[in-house]
Every structure is written in structure tokens, then in C-alpha cells.
Ligand code: ADP
Ligand code: MG
């Protein structure tokens, strides 16, 4: 579903991603780990063109998104993204946050949009919070609204950039549980996280990045038990 070939990304003269080649199959859950500053966020942001790759090729669902004439707006309904800091619209209720984009893009009438949004919120366990504003929701609830909102466009891929890193510890599980449920539905997911337990349990594959490179990838059980590279070993010793 996602094919990345020789991806490079530089900011001014600083090379942040180097020679990244990777594939994600339909329905696969890939967790990306690595030290801070290793390029994980930039990699994810290249996958939905929030950053423009300097060179290399990315295809999603067979379409070359790095082709010069590709319209990035096409990706907004194809690839959903969830950020560390939620990025909800503060002046909209949970329901309004969730239905804003689908209503616009799909030309839904009011009632259909409301039903659709309520169903999405129920899916993330927030059926009773539809009319709350973000400032009245906990961090975990906000992040679940953000997930529902991303799902609203019926994406074929969901990207998560440290979705639980800004949460109080007691709220991490409720968000990871929603992600786990989503994985069970067969959603294709690429997740940057420091939650190694989650990676072990839910990921089909782990990708380890360091200094802008994809250093190693593998099936989680073998990767965590015996990483092949010295850099992955050192990283795991620090975080496990
Ligand atoms: P990670 O998510 O693994 O912590 P990032 O992808 O955020 O890493 O960052 C990788 C490197 O790229 C860091 O050195 C960071 O400072 C740099 N970087 C990220 N975004 C920008 C930007 N917009 N402009 C300049 N440098 C950036
Ligand atoms: Mg990051």
C-alpha cells in the first residue's frame, strides 16, 4: 500500500532523512521507533506531504504522490494523521470537529453528518461527549476525538505521531486501546511511539531509525529479543 524508495529530505543544508526505502502492506501495523531527532516525524510527514521530500519516490495505493503534478489535497482523504498535540479546533464541539471535513468534502446534509459523527465518536468510546468543547475534555478524550476525526474521511492509511506522548500516564491506555481496536479492523497503520509494550503486542513490524536512516526492521518478537544493530541495542537498553 505504501512504497518508499530512496527518500531524502533536507532542511536547508541539513540532511534529515537519508536513503529511506520501506514498504507497508495493506492491513499492516508498522511501529517506528528511534531516538529523538532521528527523523521519525519527518518521515511520517513525508508520507502525507506535510513535508515535501527532497528526492526519492513515495507511492500510496499505486499512485506516485511525489510526482510533480500530484495534488496533495487528494491525500487528505486517503491518509489520516493523528498528532501528539491533538490539533482539535478549539471553537468546535467534539461532534463538529469530527464532521467538519466530511461534511465539506462529501456534501452531507446536517442530519446525515450528525449521525455519521455520532457513530464515529461512539467507536472511540465518546458517544456521550459529542457536544463538549475540547477544553472540557481530558487529554485522552481529546486524542480519541482526533482519531475519530481522522477516521471520518475514511482513509486507507492512518499515521500516528507519538499519539500518547502528551498524555498523563493514566490516559495512555484508553488511547492505545482505541488504536488496538482499529488495528483489529484491518486498518493500515504507521505509528511513531515510545510505547514498547504496544509495539510488541500490536505491531506486525518494527522499524528502527537513527540519524535519518532506517537502520533496521523486523518482526517485533525477534527485534526486541535480539536487535541486529549496535545502535538499536543501545537504544533499547535506554528505553526498556
Ligand atoms: P524525531 O521525530 O525522530 O524526533 P524529527 O523528524 O522531528 O525527529 O527531526 C529530525 C531532525 O530534523 C531534527 O534534527 C530536527 O531538528 C530537524 N527538523 C525537523 N523539522 C525541521 C524543520 N521544519 N526545519 C529544520 N529542521 C527540522
Ligand atoms: Mg517526532
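Take the Cα of residue 136, step 7 Å toward its Cβ, do the same at residue 107, and the gap between the two points is 3.5 nm. Per-residue Cβ neighbour counts within 10 Å put 224, 160, 11 in the sequence 11, 224, 160, beginning with the fewest. First check a/c for segment 71-112, with a ≥ b ≥ c the square roots of the eigenvalues of its C-alpha gyration tensor; if it is under 1.5, answer rounded, and if not, answer prolate when a/b is larger than b/c or oblate otherwise. It comes out oblate by the Cα gyration axes. Taking each residue as 0.36 nm, the span from residue 239 to residue 226 lengthens on full extension beyond its C-alpha to C-alpha distance by 3.2 nm.
Springs join every pair of Cα atoms under 10 Å in this Gaussian network model of the chain, and among 197, 27, 80 the largest mean-square fluctuation is at 197. Mean separation of Cα pairs under 8 Å and 6 or more residues apart, divided by the residue count, gives segment 1-96 a relative contact order of 28 percent. Ranked for footprinting exposure by Cβ neighbours inside 10 Å, fewest first, 21, 164 give 21, 164. In terms of other Cβ atoms within 10 Å, 40, 103, 5 run from fewest to most in the order 5, 103, 40.
Highest GNM mean-square fluctuation among 83, 70, 208, for the chain modelled with Cα contacts below 10 Å: 70. Bridges between two residues of segment 144-240, per DSSP, are antiparallel at a rate of about 50%.
Here the contact order of the chain, divided by its residue count and restricted to Cα pairs under 8 Å and six or more residues apart, works out to 27 percent. Kirkwood Rh over alpha-carbon pairs of segment 114-195, then Stokes-Einstein at 37 °C and 0.692 mPa s: what D in µm² s⁻¹, rounded to an integer? Calculated translational D: 252 µm²/s. Its convex hull of Cα atoms gives the chain a direction-averaged projected area, equal to a quarter of the hull surface, of 13.3 nm².
Comparing 42, 54, 185 in a Gaussian network model of the chain where C-alpha atoms under 10 Å apart are linked, the largest mean-square fluctuation is found at 185. Mean sequence separation of contacting Cα pairs (under 8 Å, at least six apart), scaled by the length of segment 104-240, corresponds to a relative contact order of 15 percent.
With Cα atoms defining each centre, segment 220-237 and segment 108-130 are spaced 42 Å apart in the structure. Only bridges whose two residues both fall in the chain count here: according to DSSP, what percent of them are antiparallel, nearest 5? Here the share of antiparallel DSSP bridges comes out near 55 percent. The calculated 222 nm mean residue ellipticity attributable to helices in the chain amounts to -11000 deg cm²/dmol, summing -39500 (n - 2.57) over DSSP H runs of n ≥ 4 and dividing by all residues. How many angstrom lie between the C-alpha centres of segment 1-80 and segment 186-203? Between the Cα centres of segment 1-80 and segment 186-203 lies a distance of 18 Å.
Computed from the coordinates by the stated procedures, all read-outs in this text should not be read as laboratory data. This is a predicted model, so every value here is computed, not measured. Virtual Cβ from ideal backbone geometry, glycine too; neighbours counted across all protein chains shown.
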